[in-house]
Amino acid sequence: MDLIGENLLTILILLPVFGALATIGHALFWKQEGGLKWITLGFTVLNFLVSLFLLFDKSTASVNGFFFEKNVSWIRAINTNYHVGVDGLSIWLVILTTFIMPIAVVSTWRAVEKRAAAFYVFLLLLESAMLGVFVSLDLLVFYLFFEASLVPMFFLIGIWGGQNRVYAAVKFFVYTALGSLLMLVAIIGLYYLHAQATGVGTFDYVTLLSSLKAGNLAFVGPTATLLFWAFALAFMIKVPVFPFHTWLPDAHTEAPTAGSVILAAVMLKMGTYGLMRFNFGLFPEASREFAGIFIVLAIIGIIYGALVAMVQPDVKRLVAYSSVAHMGFVILGMFSFTEMGMQGALYQMLNHGIATGALFLLVGFIYERRHTRAISDFGGIANVMPIYTTIFVITTMASIGLPFLNGFVGEFLTMLGMWTSTALPITGGVNWNYVATMLAGTGVIFAAVYLLWMVQRVFFGKVTNPSNKTLTDLNWREIGLIAPLVFIGIIYGALVAMVQPDVKRLVAYSSVAHMGFVILGMFSFTEMGMQGALYQMLNHGIATGALFLLVGFIYERRHTRAISDFGGIANVMPIYTTIFVITTMASIGLPFLNGFVGEFLTMLGMWTSTALPITGGVNWNYVATMLAGTGVIFAAVYLLWMVQRVFFGKVTNPSNKTLTDLNWREIGLIAPLVFLMVFMGVYPSPFLNRSRESVVAIENRLTRQEAGGEIEKVETSLQPQTSTNEHR
Amino acid sequence: MNTVFLADLVNPNTSLSAILPEMIVAIAGTIVMLYDSFAPKQRVVTGAISLVGLLISAFVLYTMWGNADIPANAWGGMIANDNLRLSFSFVALFVSAVTILISTVWTERENVPVGEYHSLLMFATVGMLFMASGNDMVILFLGLETLSIATYVMAGLRKSDLRSNESAMKYFILGSFSTGFLLYGMALIYGATGSTNITEIALAVANPNFPALLLIGAAMLVIGFGFKAATVPFHVWTPDVYEGAPTPITGFMAAGPKAAAFASFMRVFVLGFPLVAGATASVALHETWVTALTVMAMLTMTVGNIAAIVQNNVKRMLAYSSIAHAGYALVGFIGAGVAATADKRDAAIASVAFYMLTYAVTNLGAFAIVTLLAQKNDRRTEFEDYNGIGFRSPVLSFALSLFMLSLLGLPLTAGFMGKVLVFRPALEAGNSLLTILVVVAVVNTAISAYYYLRLVVVMFFRERTTEWLAPRISLPLAAALLITISGVFYFGIFSDRIIERFSQSPPRAVVKAEK
């Protein structure tokens, strides 16, 4: 076991290389391309299965906090080692990579016809390089993989890409290479600073870190600044942070579907991962010093990405720009320097990988059928492709960050982290951290707007383009491909507690919520659950109250509430529509509106609850939470469907043409509610703080009644969590 | 000190073993010449004799590493036996051997008098070896002239082609002119220090007779060596000569003579003009040449890369790229000049030698393919000629892409290791000027991505409009490609051993062997 444990990461890196060799061999000797994809798929699936071992075996834990470490000398003359290992930061990214690869392979099942052998070889080599990036602990080796990953992608875009592929490929390569070359200078610089300080030069991240911690090595003044920026620039281009993002829409749009999926799902994460690992690890002071710049750029990225996405005529470009916005969230969370924010960022990376990867896949599916990606070419597709539409909408929701789909946990934690952050100063009574969080929040709303608008234009309404009438819905291959992504999207939120005990711990400890330890509560017998329940009552009051008000307004005008009587109202009553949509979002529980805090807490509470028994190995609390989660999705579906039918499309009923928009009285009535919805979504702590004492009181009584046995059960059922608590 | 010097003259240590590698190559060249006059046009035989000569020489060289029996300063101190000599000699032998393999295609196609060609190549190699081993400016000069004259002739070997004639003529006239500078510089240095021996000069620079002469002499030497190494602003001959010369010769010139020029250049400046703390003349000289070379390096890289971007001929592009690479190698050179200790200096020298080796292996590989694709009279050397051949000749195209990526310095290839190694000593100095130099080098690398990738783009991302007959790969060329491709990976991934060996001078190797 030890032998396997030590070499597991090496096996992970090398398996795709062997796969590539096998593919070449097959292409050379059999001359038929049918078997190629099976070989490639086999190797990627095998790699995924092997990567799952990372989750189970922790026997090789070392003092550095890295698992599965392997450290052998590579080039003694410059003291560089082949040093690999994973920790909590990289393990999910490794698994994300191995998980996405088979999907990317299957997505090419029919799309790649020319030069299939080379395509699969590049795909496999890319996997190797990407895995290498996430597990390298030697800076030179890291750089090596970081750069090496460019080449296969360059070929993938350049040979199998769209019309403008040459431009996109070269731009992608030159842009990212320039950034990373400066990093190379900084890496060599680190080597000598370490040599000066301790007598031995090293590229080893762990050694550098321990020297820094021990105070043997310190980066001061301009040296620290330059080193920091040399690293940061490389990663900022990769992420990409505004204004270094211009390569991304080109590369995304021109790349073949598999390339876009990998680019979005994994390659962008290399940048944020690098920032988190190396910039934060090696230059914490400089990171703090320049956090303001990153936060500002991240917010510009969030809002700019969303605004530009809104006006894109091409679905793929739209998704590409939404990546810019999403990665802005990741950067924001990281530079909030709160544990929560960073967890959120890490989480957001995974979410983005899954949701955006799925979106690119879906765009690829439709492109295969119609050979166009222009939004205007579509319309009313829901009528001919119901399954596709359903999956697309769910994925879009995940991307927007609908609660209980994966996106929202990341965004939620990010913003929570930013809110409590001290990275930005407080000047003139204005806490700029709050301002940053609020600006980021508007980005979420924008994202909802452009994604839903796109969905609306593409899928709903009449089929306007005759060539769309013959579209076939997803076939089994495509469903099988997308299902894991959607499935993960759905249960991800529910699985938060299980897969990432840290997130749960953080939320529990978080200064915003001040909720303390996991304790038994009202229905779930957890404090969190009780808090959530309380908060949800408030939310429900406000959001549903507002909804009733709004329905009342329209009833006054038309004396009907039947959905079928409406349609296209957005055209005549824009203000009304806007407010209605916001309220609906709050009711659905879109992050940053009040609803989601309550729902989130409630479900978290339920998850950790022991109120339901565990029978036959099934923890019914988990089941209950998951069921509740599906409820959220249904809520989203029916509410949004209602919004769509009522507000969008042509005005079908002539009597609606004369409707007047809201008057000032009505606006004045509804405004405070909308304000509250946003405020409670953004800043729940006053509410939560206020309720906390009484909740704790109730909870105390409950725990005293039910005594120790129950608590112990909690501890045993949540083994990972207790172990992480000890870490603290 | 003078008496010691005299004693050396009276009783020179005529150890043949110290110049055995040079001797073997020279003998091989002579045999080739003689054989050719009795049995002309025997391509395979003369090529084989040359190759065997080079291999034996390389083997002898190998045994000299860590061999304490060979006197450190043989032949009255005229022959050095240090890591600079050994590693650069190795590079020279490697370049010649691969060149012989590559040129088989061309000699066959153009019906070149191979006997002459092979013997010229052997003598050029002797010249290169002496440029690496000479510890006396006279020997360096002799080596340089031996090399140059052989190369002038080789550049013009395609007698019926005007471009080849132009190339040889330009090279000869400008080369002679620069040799004049070199010789004049050597004379001035002799006047200032009273010696032509590098070791003596190193001792004398602290207190020279006429400090001004020393500076002027050094400037002349920079011009002379700069010309041979093709550094800006002494590079103007390069593109025309490289384009006109037969393709395998171009590959040879870009790799071999350049490396040899660097060997002599480094020996004179790094070992001959060291920094002697406290001695005004030495400090002034050292500061001047380090600054001058830094500026030269920046110019060389930038001009080479920017000019390469606009080229439409692959050979010209590679010519400008070779100028740029001279600039990168200069970074390591300067690093060696400012190294604080002898160990670090040797490591920096080794890094330049290693860089030249990686450049040689990559560049020769690229030229092998360009030679193969060029057809008679170098007809197909424009970028357009490479349009869309990617999947028509996948082996050649992927190999050429690999060489381009290695020239670009991408990880896992030889070029990456070379770059890391030459940047290292320059950054180590902690001198802000040198740090800027490295940053300039890095920015230049990014610029170079554009034109190196252009060839890849042309081959793979475009469709071919004209018909394409995949050329037949002959056995020697296949061997050359195999050597260069595996070399690119080997030096990029398993360079550990070679780097270590390159930075070992023989005496220290003995100490290591004992433990």
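Values in this text are rule-based calculations from the coordinates and carry no lab data. It should be emphasised that the depicted structure is a prediction, and the values quoted were computed from it without experimental measurement. Cβ coordinates were reconstructed from backbone atoms using ideal geometry, including for glycine residues, and neighbour counts include every protein chain displayed.
Could you work out the relative contact order of the stretch B:12-504, using alpha carbon pairs under 8 angstrom and six or more residues apart, expressed as a whole percent? Let's see the in-between values first.
Working: 875 pairs, mean separation 76.0, N = 493.
About 15 percent, as a whole number.
Once the C-beta distance of A:I293 and A:L49 is scaled by a Förster radius of 51 Å, the resulting FRET efficiency is 0.75 to the nearest 0.05. Determine the relative contact order of the stretch B:342-496: mean sequence separation of Cα pairs under 8 Å and six or more apart, normalised by residue count, in whole percent. Dividing the mean separation by the residue count of the stretch B:342-496 yields 38 percent. Between the listed residues B:A206, B:A340, B:I149, the Cα displaced farthest toward the positive end of the dipole of chain B, a dipole computed from Cβ unit charges relative to the Cα centre, is found at B:I149. Each Cα pair under 8 Å and six or more residues apart adds its sequence gap; the mean of these over the residue count of the stretch B:114-183 is a relative contact order of 25 percent.
Charges on Cβ only, +1 for Lys and Arg, -1 for Asp and Glu, centred on the Cα centroid of chain B; of B:A426, B:L405, B:Y171, which one is farthest towards the dipole's positive end? Of the listed residues, the answer is B:L405. Working from label points 7 Å from Cα in the Cα-to-Cβ sense, the B:S160 to B:A212 distance is 5.8 nm. Placing pseudo-labels 7 Å out from each Cα toward the beta carbon at B:N312 and B:A39 gives an inter-label distance of 4.9 nm. Counting Lys and Arg as +1 and Asp and Glu as -1 over every other residue whose Cβ lies under 9 Å from the Cβ of B:A132, the net charge comes to +2. Estimated from the Cβ-Cβ distance and a Förster radius of 30 angstrom, the FRET efficiency linking A:V17 and B:S474 is about 0.45. Figure legend: label point modelled 7 angstrom from the Cα of A:A218 along Cα→Cβ; no residues of the stretch A:157-195 have amide N under 12 Å from it.
The length gained by stretching the chain between B:D69 and B:S17 to full extension, at 0.36 nm per residue less their Cα-Cα distance, is 17.8 nm. Set the Förster distance to 41 Å, then compute FRET efficiency between A:V200 and B:A187 from the Cβ-Cβ distance, nearest 0.05. The value I calculate is 0.30. Secondary-structure-derived ellipticity at 222 nm for chain B, considering helices only, amounts to -25500 deg cm²/dmol, per-run term -39500 (n - 2.57) for DSSP H runs with n ≥ 4. Full extension of the chain between A:V435 and A:E285 gives 51.7 nm of extra length, using 0.36 nm per residue less the Cα-Cα distance. Each of B:T199 and B:I436 was given a label point 7 Å from its Cα along the Cα-to-Cβ line. The distance between the two points is 3.9 nm.
In whole angstrom, how far apart do the alpha carbon centroids of the stretch A:267-296 and the stretch B:122-138 sit? If we compute the Cα centre of each part, the gap is 52 Å.
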